[in-house]
Each structure stands twice: as structure tokens, then as C-alpha cells.
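Participant: Below is one structure. I have some questions about it.
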Amino acid sequence: MGGEPVAPRPSADLLRVLTCGSVDDGKSTLIGRLLHDSDLLYEDHLAAVRKDSATTGHAGGQVDLALLADGLVAEREQGITIDVAHLYFSTPRRSFIIADTPGHEQYTRNMVTGASTSELAVILVDAARGITTQTRRHSLIVNLLGISSVVVAVNKMDLVDYREDRFESIASAVRELASALGLPDPVCIPVSALHGDGVVEPGANMGWYDGPCLMEHLEQVDAAVHAAGASGIVGGRLRLPVQLVIRPDHRFRGFAGTVCEGTLRAGDRVRVEPSGRTTAIARIVTFDGDLEEAPTGRSVVITTSDEIDIGRGDVIVDPAHPPQRARRVTATIVWMAEADLVVGREYLLAQGGQTMSCRVSEVMGRLDVDALESVPAAAVRLNDIATVTVRTDAELIFDPYTQNRTTGSFILIERSSNATVAAGMIEAAAPAAAWEAVPGATLERQRSSISGAERAERLGQRPATVLLTGLTGAGKSTIASALERELFERGRTTVRLDGENMRLGVSRDLGFSSRDRSENVRRTAELARLVNDQGLIAIAALVAPSAAVRERARELIGADRFVEVFLDPPLEVCRARDRAGLYEAADRGEIRQFPGVSAPYDKPANADLVLDTSRLDVDACVRAITAWLEAGQFIGAVETPEP
Amino acid sequence: MERDRLQRLEDESVHIIREVAAQFRKPVMLYSIGKDSSVMLHLARKAFHPGPVPFPLLHVDTTWKFSEMIAFRDRMAGEIGFELIVHTNPDGLAAGINPFDHGSAHYTDIMKTQALKQALDAGRFDAAFGGARRDEERSRAKERVFSFRDGQHRWDPKNQRPELWNHYNGRVGSGESIRVFPLSNWTELDVWHYIGANEIEIVPLYLAAPRPVVERDGTLLMVDDERFRFEAGERPETRSVRFRTLGCYPLTGAVESTAATLAEVVAEMAAATRSEREGRVIDHDQSGSMEHKKREGYF
């Protein structure tokens, strides 16, 4: 190390860099080398590393530069980096924030975390080993997170005698990988972090290489974040998510937030999502005086020319290019929790000020990092990258992630622990499920001339829908038939809607994904409503595994005439009764998304009746249901409702 | 319109501070009176302008701070007009815990760490801002911006919430809290340049002046009041010194310097070969000592 350390004035330019490599690629050593050879280390930091090198270092007597990057005690003992560490340094040309993320496979979440705020990625490849699964994974994540500026540092050139042919063969494999991923060609640089060649100085061993050293490249590369303003609109489309309302007194009402795309200009017309109201920017207020305009990235307070209602979670946008709004989006998520994703469970979705309940309603597939393609997924586990459909309780205002990193991303939060369990990147609005489809505006309901009272008097009953829900083998069809027989004997009029029969006809186009199951329940519920409207009692036998979907059926039919009967024998009993071998097929993975095996069944929390069919015989179950119908005066002494 | 580096750091910090105000029921800002705290306070004023800072400032007073710090604190509270909470550990005070008799580790635990926990519990604060920067010390480099603490204020470095984009997760259960570090991405030099660019007032101890000091084991300690304990043969001598960091005067080393203006300090910084925390006695007990303290609830 020569000369006095230099701590230059911070240069105006700041670049956020992500470094990724596998455990043994020597990434920490490379970062240490960058700092060391740029004379950017403080003497006492270096002294501490020298001291630690003697006791825990792995550099065989030399100063272990990796210890600079590996901060925590436990990590130093293990000799690997396990979390995201941030390092700061400046050269006369540029200031850098390095997010150092671990290379070990089980820590994908940390790399995604580091990538989410980085503008350039350095991927390390071991010259002796070439491209590995890790290299593929890192390239995939870098691409997924929207970092288009990538440097591949081919490290440990000393181990391959600084041979040009070895470097060229790796560089060509890297270009192949990039092209398979749809990444622009990365810049490849040969280095030896251990000895310093190609890091800050070219060194004497690679005369054949005429490209820039790593540091030189980092100082000069133009790494504008392509995701901010990648909409193709010149100058970007205004996006100002509102963080909070600033209202010190009745005279001032401003809206605070950070411009995440486009330029905000005083006087410009803007639109407020989701209300859709338009107004003009009256002032851009800052502590240091009003601004005429504020570029992307600036934190501001604005006032509007009209008094309109704006709050946290609203987004102020360019009226010519508004964002999208949907309650259902397709997204790529990276799962970050030990516990698997539960399809249908309620999570919180957060994107800046927008926070809402949501459920992952469908898993379309999981990314296989070796094959670089989507494969079917029975579960979404820690570090999995999956494509899913997310359904939100409120309308989400968003842009596709490829167009805007802020309005295109979200996190998922587990409600009981408040842990951040997933990172999400939005692809597009998903087609609304049929539940939400709005009938054509010209359609009108054709009314019957027969009143409910007339029907009740003729039939001696009031209409109701009995939903028998439970796992395969719980006894739904058996009890539906017995109940139908009993009511028939009593002179009542029923329509039996068995899920299996539905699938033989009305729902023959549907499969068994959660989306298709939901649709089968909807169709059954619509039929039940129709027959109820004609005064008949509907008996529906459906697995209906999702509590949310059953709730929708209840709303559609009408809560006052909907009876939820949960058939709840132990799972072993269901399996024992399963003569068709469906459970075994599900165990073998031949049937996918099978409730109770590879898909969840949400047990009803507030069923009207819970019947354990392993302890109650069929007659007892039927008696319980008819007693419930009598108590509700649907059958028995039927009081004729007022016309 | 190009945003320069300080503007970019300011924008990020202002965004973080506003997120806390929006997400938490009862935040508080730790005010150590140092230069980083002064910058953090300035950023908070910017974040809510033209409104006031919507949360109180908390100073944990060990009773051993430099007297100039306390005077500066009280004057700032009056001039800027923020709500100031001052807390001293009453048990430590009653037991006469001091840095001379009880060792820096024990003293720091009682008068700083325990005192801080008492104050946070008493105020039922669910978020506490700190002015720490990731470049200060190696264990800080892995700290989140929103750093989760359990009901006992403990940090679990192996079980931190992933922090993505600028979507901060501030949700906590009863008794749990978040420590928030809006200056995470600032360096010491950034702080100095920002102070200069924004004309932020700082405690004069940061600028060189003739002060009474003794040299002990290579560290220059200032004789700030009559409670200073001289060791055999020690006598105060007047030297031109300044401080790179401020804390309890018996635990804070001065550096010899003639830099009496901000510009001179920055110029001296530019030639510095030692990091700023080196002046702090408490960090040197053992490698990794900061991490141990942080797990226990130290800021």
C-alpha cells in the first residue's frame, strides 16, 4: 500500500453497487482489495483486521482482506458472510455504496434485498470453476430486480495462470447465459482479488487484456436505473406516492412524498389516484424555499390549487399516463420466510403508503434456476421465486415493475408475527375472476309474477341452501343424498347440487386449481340462488376449501337462507374411506393442489353445524340438519311470509 | 436537473423520517447533541416543514456529558422549539455510578443502555430514531434502516426483517419497537459537508480551541469539571484540541488540532488516517464489543 490514505471530498456522483458471488468466489476479498488498493482504509480499521487475521483469518498469514467486509462476530468465526452489509467509499470520480450480499444458496432473500436498492451488479465467477448454479441464480435475480448494468468479475485468475483462453471461454459462457435471460451483454473483467491484478491496477500478469480495470469501469460506467422511468415516455410519467398530509394549522395543507418518476412542476395539471380527481400543483414547498420543479428522487411537500381530499396511499400522477388499478395482479414473488406460503391465507401487502389485506389466490409456477424456466410448484418455500396471482381487498394502484421499481413492487407481511415474508414484482393486472365480472349495463332482471309467499304456501317450505363442505371422504355426497331422501319423504321439494355432478356438466371446462375450484363454487352458488328464488331448497355438496370463497357464496345466496354444514371427521377416516385412491395419487404428486394434502382446506370458523361423520351415523347427521331447518322455519310449521 | 450526492442522501433520510411519522403511534428521536444528531434534527425539520417536528426528542443524560453540550441542548430546544425529554437512570444516580470507579463497560450499561430502556418504556415509544451511520463500525454495517427490537429492546442480527426498495415495514406487536436510522447511508464526511452546506449549528467542542487536557495511555482527556479524577503525576495542560465525536467527557478522547473552522475541520478530515470512533474508549474493550452492546439494547 503506497502513499497517504486519501479521503476526497464526496463527489457529486453516487453509485449503488451490489456484489454477488458464491461462498468461495472470494467476494469479500475483492471488496477488501478495492478499498485497500484505493488507499481508502483507515489505519485503525486495518489494524483491527490485521489483529483478527492472526486469530481467525483464512488467508494463511497474510492480511485477510475479507474480514473488512465480514462484520459480525459469528460470521467471522464461520468464515462466510451471511447478511447484507453496506460499505461506503469515495474516489475523486465517484462515491459508492456497496451492498455486499452473501453467496450461499439459502440466502437468496438477502441478495434480493441488496438488489432492490442497487443500480449496478458485480457478479463474481471463480476462474477455476467457471459458471455455476450460483452464477445462474445471481444473474436471474439481478435481471428480475431490474438491474441492467452488470459486471462479471472473473476472479482467481492467478489459479489459472492468468490464461487468456480460460477467461475467454468463461466470458463466452457468460454472454450465452445473459442472452438466455434476456440481459444485455455484461462487461467481463479478469481479476485476482488475492494479488490485486485487474482490481485497481492492471498488474503485470495479464498483458493480453486491454479493457478497463474493475475500479476504472465502476467509476466510468453510466448506470442509470433503467427501472425508474423505463416506461418509454420521455422524461418519465409523474408518480408521487403520498406519504402523509402536512397540516400544521388551518391555513396550510400540503402533501408529502418522494417523486418516484418524472418531474414535478409547479402549475402542472395532475390527477390523484384512486379518486381520479384532477387539480394543479400550486406550490412545491421545501424548508429551503419553494421549488419550480422537482426531479425523480426528490422528497417534497406540494399544495394543490383545489381543495380535494388526498391522503396517505394516494398517488399523484401525470393525467396523460395514469397508473393501473386492480384488485388482482400477477406478480413474481421471492419467498423470504421459513414457513411456506399458504395459498388463500390473509397477508398484508405494503407498497409505500398503500397497505391492504391480500391473499395469494393461485401459484402458477416456480422458477427453476438451472433450467431458467417455470415449473409447477406444490409449495412456495424459503428462497423460492414464484409467479402468483395476488388478490387484494382494496384497489391497488401500480405500474408494471419493469416500468417503475417503486410503484411496481410490494412486500408481503405475515399478520401475526409482522415479519416481511416476501418481495413482489408486479407483472400485470390479472383478469378478474367471474365473481367480480359486471353484467352488461343493458341487462335487466326479468321478474316472476309468483311471489315468495305464494310459493311458500304451495310448497310448504321456505327456500334455503344447505352447503355441505369438507375434505374428500368426509361424507358430503352420502349425506346430501340421504338429506334429499328425507326431505322428499316429508313432501318437501329440493334440488341436489353435487360438486362431482357439476363437473360432469356445468363445470366440465374447469380443473382443480384454486381459481377453478372457486369458479365451480360460484356456478353452484348461482344455481342455488336461482332455485331458491323459485322456492326450492338447494343441497350443495362441495369441498369448497377456501373460507373466502365460501364467504362469497354466502353473500351471493343471502346469509339469511344459507346454512354452512362442516363435515369434520379426522383426516385418517377420510383417507380410509377413499376407495378411488385420490389421496394416494395426491401423495405421489399425480394430483396437484389436493386439499388436505398439497393444498390447504380452511376449516370453517363459524359453521352453522359441525358434524363429525366418524362418530355420527348418516341418520344422525340428517336429523341434525333437518332440526336446524325446522328451527329456522324453513320446513315444518312454515309461517307464510308477508307478501 | 441533477441531484447531487448530498441531495440524494437528504431525500432518502427525509423519506425515512416521514415514513416513521406516518406508520407509528408514538415515535421519539434520540438526541445525543452530537453532530449526527444535529443533522438528523435538521432533516426532521425539513421533513415536516412548514409544520413542526411531530415527535419529542429524548436525551439520555448520564450527568457526565461535556457541560457545553448541555448548554447547547437547552439553547437549541428554546430556539428551534422542540419538545425535549431528559432522562437519567435514577438507580444509577443513587448508586453513584461513574466512569472512574465502575469501568467504562459497567458505567455505559447502567447510565446509557439501562437508562435508555427506562426512558423508552416510560414513554411507551414504539419507534426511536438514532443517528448511527453504517460506516461507523463493522457491526453497524449490517443494521437495517428499520431495525426491529423485541419487548426487551434486544437486536437479533441473525433474524432481521429483509428491507426492500423503500417499502419499510414498521409493524410491531405490543411492547415491541423499531429503532430507525435515517442516516444509515451517510459517511462522516457527508455529515460534515452537509453541516457546512446547510449552516447547521454544532457544539463548539467540534472545533479546535485551547482546552485543559491530560494525556492518559495515548488518549487526550479534557478536564471538563471539578469531578475529573487525576491519576498520579497528571496535571492539566492547555492544548489546542477538538473532538471528532462527543459523549461523556471522561470517556471521549480529543485530537490535537488547530482546525477552528468547519472548512479547516473538513480539510483535516480529508487527510485523516484514523476513523472517528477510535476516540471512544468503550469500543476498544474487545473486537465485536459494539455488537454485544447492541444485542443488549444499546443504540
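What follows draws every value from the coordinates through simple rules; no lab data is involved. Small disclaimer: the values here were computed from a predicted structure and weren't measured. FYI the Cβ positions are ideal-geometry reconstructions off the backbone, even for glycines, and counts take in every protein chain you see.
Participant: Sort B:169-175, B:52-58, A:601-607 by packing, meaning the average of other beta carbons within 10 Å per residue, with the highest value first.
Facilitator: Details: B:169-175: 17.0, B:52-58: 19.4, A:601-607: 15.1.
Those peptides, ordered most packed to least, come out B:52-58, B:169-175, A:601-607.
Participant: Sticking with this one: Excluding residues fewer than 8 places away in the same chain, name every one of the aspartates and glutamates whose C-alpha is closer than 13 Å to that of B:LYS26.
Facilitator: B:ASP121, B:ASP126, B:GLU176
Participant: Out of the range A:437-493, which GluC sites (Glu not before Pro) are coil in DSSP terms and have no more than 12 other C-beta atoms within 10 Å? Write down the numbers at each step before the final one.
Facilitator: On the way: sites: A:GLU444, A:GLU454, A:GLU457, A:GLU484, A:GLU486, A:GLU489; in loops: A:GLU444.
The qualifying sites are A:GLU444.
Participant: Okay, next question. Can you give the relative contact order of chain A as a percent, counting alpha carbon pairs under 8 Å and 6+ residues apart?
Facilitator: On the way: 1333 pairs, mean separation 56.2, N = 643.
The normalised contact order for chain A reaches 9 percent.
Participant: Can you tell me the orientation of helix B:188-198 relative to chain B, as the angle in degrees between its alpha-carbon axis and the longest Cα principal axis, to the nearest 10?
Facilitator: In chain B, helix B:188-198 runs at an angle near 80 degrees to the longest axis.
Participant: Could you derive backbone 3J(HN,Hα) for the range A:377-385 from the dihedral phi with the Karplus parameters 6.51, -1.76 and 1.60 (θ = phi - 60°), listing whole Hz in sequence and x where the residue is Gly or Pro?
Facilitator: 3J(HN,Hα) across the range A:377-385, in whole Hz: 10, 6, 8, 10, 10, 3, 6, 6, 10.
Participant: Still on this structure: Please identify every one of the trypsin sites (Lys or Arg not before Pro) in the range B:8-51 that sits in a loop by DSSP and has no more than 15 other beta carbons within 10 Å of its own beta carbon. Show your work: numbers first, answer last.
Facilitator: Values: sites: B:ARG8, B:ARG18, B:ARG25, B:LYS35, B:ARG45, B:LYS46; in loops: B:ARG25.
Taking the range B:8-51 and a limit of 15 other Cβ atoms within 10 Å, the loop trypsin sites (Lys or Arg not before Pro) found are B:ARG25.
Participant: Specify which residue in the list A:GLN461, A:THR258, B:LEU93 is farthest towards the positive end of the charge dipole of the protein assembly as shown, using unit charges on the beta carbon of Lys, Arg (+1) and Asp, Glu (-1), about the Cα centre.
Facilitator: A:GLN461
Participant: Using only the alpha carbons, work out the radius of gyration and Dmax of the protein assembly as shown in angstrom.
Facilitator: 33.0, 113
Participant: Only Cα pairs under 8 Å and at least 6 apart count here; give the relative contact order of the range A:446-512 as a rounded whole percent.
Facilitator: Numbers: 22 pairs, mean separation 14.1, N = 67.
Dividing the mean separation by the residue count of the range A:446-512 yields 21 percent.
Participant: Please tell me the relative contact order of chain B in percent, rounded to the nearest whole number, where contacts are Cα pairs under 8 Å and at least six residues apart. Display every interim value, and only then the final one.
Facilitator: Details: 471 pairs, mean separation 61.3, N = 299.
Rounded, it is 20 percent for chain B.
Participant: Let me have the 222 nm mean residue ellipticity of chain A computed from DSSP H runs of 4+ only, each contributing -39500 (n - 2.57), with the sum over all residues rounded to the nearest 500. Could the numbers behind the result be given before it?
Facilitator: Numbers: 16 runs with 166 residues, N = 643.
Value at 222 nm, helices only: -7500 deg cm²/dmol.
Participant: For B:LYS142, which aspartates and glutamates qualify as cross-link partners when the Cα separation must be under 16 Å and same-chain residues fewer than eight apart are set aside?
Facilitator: A:ASP70, A:GLU75, A:ASP83, A:ASP100, B:ASP156, B:GLU163, B:GLU291
Participant: Show log10 I(q)/I(0) for the range B:1-127 at q = 0.11, 0.15, 0.19 Å⁻¹, two decimals, from a solvent-free Debye sum over equal Cα scatterers.
Facilitator: So the normalised log intensities are -0.46, -0.79, -1.11.
Participant: I've got another one for you. Relative to the longest principal axis of chain B, what angle (0 to 90°, nearest 10) does the C-alpha long axis of helix B:67-76 take?
Facilitator: Computed tilt is about 30 degrees.
Participant: Enumerate the aspartates and glutamates that A:LYS156 could reach by cross-link, defined here as Cα to Cα under 14 Å, with residues fewer than 8 away along the same chain left out.
Facilitator: A:ASP24, A:ASP25, A:ASP126, A:GLU164, A:ASP197
Participant: So which of A:LYS27/B:LYS158; B:LYS35/B:LYS158; B:LYS46/B:LYS158; A:LYS27/B:LYS35 end up more than 27 Å apart, counting from Cα to Cα?
Facilitator: Values: A:LYS27/B:LYS158 21 Å; B:LYS35/B:LYS158 30 Å; B:LYS46/B:LYS158 34 Å; A:LYS27/B:LYS35 34 Å.
Cα-Cα > 27 Å for B:LYS35/B:LYS158; B:LYS46/B:LYS158; A:LYS27/B:LYS35; rest within.
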